1. Output the qualifying pairs, or none if there are none: Cβ atoms under 6 angstrom, residues six or more apart or on different chains, first residue in segment 87-109 and more than 24 Å from residue 58 (Cβ to Cβ), second residue of a type in the set (Lys, Arg).
2. Give the residue, chosen from 131, 153, that is β-branched (Val, Ile, Thr) and touching a residue at least 24 places away in the same chain (Cβ under 8 Å).
3. Is one or more of the residues making up segment 124-134 surrounded by fewer than 17 Cβ atoms within 10 Å (Cβ to Cβ), under 23 Å from residue 57 (Cα atoms) and at pLDDT below 90?
4. Quick one: which of 172, 188, 132 is small (Gly, Ala, Ser), farther than 13 Å from residue 67 by Cβ and out of contact with any helix residue (DSSP H, G or I) (no Cβ under 6 Å at 6 or more places or on another chain)?
5. Starting from residues that are among the basic types (Lys, Arg) and in a helix (DSSP H, G or I), keep the ones in segment 170-227 and report whichever is modelled with the highest pLDDT.
6. Within segment 154-168, track down each residue that is more than 22 Å from residue 207 (Cα to Cα), part of a helix (DSSP H, G or I) and not aliphatic (A, V, I, L, M).
7. Only one of 108, 67 is part of a helix (DSSP H, G or I), among the hydrophobic types (A, V, I, L, M, F, W, C) and buried (at least 23 other Cβ atoms within 10 Å of the Cβ). Can you tell me which?
8. Report yes if residue 147 is under 20 Å from residue 64 (Cβ atoms), in contact with an Asp or Glu (Cβ under 9 Å, 6 or more places away or on another chain), surrounded by fewer than 19 Cβ atoms within 10 Å (Cβ to Cβ) and among the aromatic types (Phe, Trp, Tyr), otherwise no.
Amino acid sequence: MASDRSLDRPGLAGGWGALWYLAALTGTAVLSFVLGRALGAEGVATLAGKLPWYTSRAAGVTAYLLLSATALLGLLISTRLLDRWLSRADAFALHEHCSWLALGFAALHAGALLVDRAEPFSLLQVLVPFTASYRPLATGLGVLALYLTALITASFYVRAHIGQRMWRRLHAATFGLYVLATVHGLLAGSSSDMAWMQWLYLASGATALFLTLVRLLLPARAGARRP
């Protein structure tokens, strides 16, 4: 993240109702897609009993999409690749709001498991890592990712109190969060064996890797240009 004051200027923060509406549409579209595919293989009565499970599944995919967008936006801000098309204040506001949306859908993903009958989870299993009977390692990583998402998202509100340098160090945990969420999805996600989800992981991971390499090479290139 950049440390200039342009990030503190009011950007689109006052008109983010459209973003929340878009996120709701995204979640609805993902849920409809997942339910549509399931309805082709199962009857309506059978599907109704698994609605919480499919809701959790769709919310998890939506949360991963938003988390990927958050991580990629952070990299784009730090590399200044967005400056030509979007002001830094607007990009930072979008980055922050995507974090909140990712947290909301991740909470829905975990909460739906509490009322799921196909693979029931207790409150303890949802809140305490590595206690679930279903793939404990993979689900434990998901719980850790949820807590880390909450911590990083809350850090937006304490940035002025902890200082820019400390906030940047804390925000660097987004890399670990992205890895945790990806591994959780690959190992525990019910859609991870589907081609469309595999392409999503591949596209997201390749883009994140490319932007990370650009971010690491930028200081070297900037130093090479100095007289």
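1. Here the result reads 89/9, each pair linking segment 87-109 to a residue that is of a type in the set (Lys, Arg).
2. From the options 131, 153, the qualifying one is 153.
3. Checked against the condition, which is being surrounded by fewer than 17 Cβ atoms within 10 Å (Cβ to Cβ), under 23 Å from residue 57 (Cα atoms) and at pLDDT below 90, segment 124-134 yields at least one hit.
4. 172
5. 215
6. Once the filter is applied, which keeps residues that are more than 22 Å from residue 207 (Cα to Cα), part of a helix (DSSP H, G or I) and not aliphatic (A, V, I, L, M), segment 154-168 yields 155, 156, 157, 159, 161, 164, 165, 167.
7. Answer to the selection: 67.
8. It is false that residue 147 is under 20 Å from residue 64 (Cβ atoms), in contact with an Asp or Glu (Cβ under 9 Å, 6 or more places away or on another chain), surrounded by fewer than 19 Cβ atoms within 10 Å (Cβ to Cβ) and among the aromatic types (Phe, Trp, Tyr).
The values are calculated or read from the model by the stated rules, or taken from the named source; none is laboratory data. Everything quoted here is computed from the prediction, not taken from an experiment. Every residue, glycine as well, gets a Cβ built from its backbone with ideal geometry; the counts of neighbours run over all protein chains shown.
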